[in-house]
1. With an 8 Å cut-off on Cα pairs and a minimum separation of 6 or more residues, tell me the relative contact order of the chain in percent.
2. Would you mind working out the accessible area per residue for the chain, using a 1.4 Å probe, and quoting it in Å²?
3. What do you get for trypsin sites (Lys or Arg not before Pro) in the stretch 1-85 restricted to DSSP loop and a cutoff of at most 11 other Cβ within 10 Å of the site's Cβ?
4. For Kirkwood radius over Cα pairs in Å, several values are listed as [x] 17.5; [y] 18.9; [z] 18.0; flag the one computed from this structure.
5. Check cross-link reach from residue 209 to the lysines: straight Cα distance under 23 Å, and skip same-chain residues fewer than eight apart.
Amino acid sequence: MKILVIEDDARTASFILKGLRQAGFVVEHARDGRDAMHDVLTSSYDAAIIDIMLPSLDGLALIRELRSKKVTMPVLILSAKASLDDRVKGLQQGGDDYLAKPFAFVELLARLQALLRRNAVLSEPVHLVFDDLSLDLLSRKVSRGGRVIELKPGEFSLLEYLMRNAGRVVSKTMIMEQVWNYNFDPETNVVEARICRLREKIDRGAERKLIHTIRGIGYVLREDNG
């Protein structure tokens, strides 16, 4: 799942970004409201975490503009203002939840997961299935043929991307940009290495191989037709 963090304080942003990435999310960061508006309108996110005090366009104004443009992704508001009036105002402007600073990361993560669960009822599924392979985006559990598979956060994100594009060949460039937000360096073998580790866990001991290399092009999740 892809989250946009909109926070101008470098220390707070670093704290949130690190925690979310360790939890297995793909995360992007914007430092002011105008940049965030452009990001939301030109990309796709499962949720946003928005600080109220932002340069160029404050958080509440940003939320109002997003809602006026029919952007429905869940929004978790962050603010140093913790009064009841401030919380009510934030929710009335279009926020879905409100978390006062300072906060514990475990609470931020729990609130974000709750927003994603509620939104999943009305949007895309959070349980992906291909053949006998199953992935749950909220519980972060993966299994194949009833066998539970333990994945690291980066492996989980890679498998999610492959499952969402099942049957479609995806290039190394696409993986680097969509899974890890990196510009592709043709000299690096990071994609090959992570695909190899993921394949060992997913296809090990299975009669049908699901992760295939298309030489010179990329990778695809599909049933092995021999």
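1. Numbers: 328 pairs, mean separation 31.6, N = 226.
RCO, the chain: 14 percent.
2. Working: 11850 Å² over 226 residues.
Solvent-accessible surface per residue comes out at 52 Å².
3. Working: sites: 2, 11, 18, 21, 31, 34, 64, 67, 69, 70, 81; in loops: 31, 69, 70, 81.
The qualifying sites are 69, 70.
4. Given [x] 17.5; [y] 18.9; [z] 18.0, the calculated one carries the label [y].
5. 141, 152, 172, 201
The values are calculated or read from the model by the stated rules, or taken from the named source; none is laboratory data. Predicted, not measured: the structure shown is a model, and the values here were computed from it. Note that we place each Cβ from the backbone using ideal geometry, even for glycine, and neighbour counts take in every protein chain shown. The protein model used for the area step is the full one, side chains on, heavy atoms only, and it has no ligands, DNA or RNA in it. Shrake-Rupley method; radii C 1.70, N 1.55, O 1.52, S 1.80 Å.
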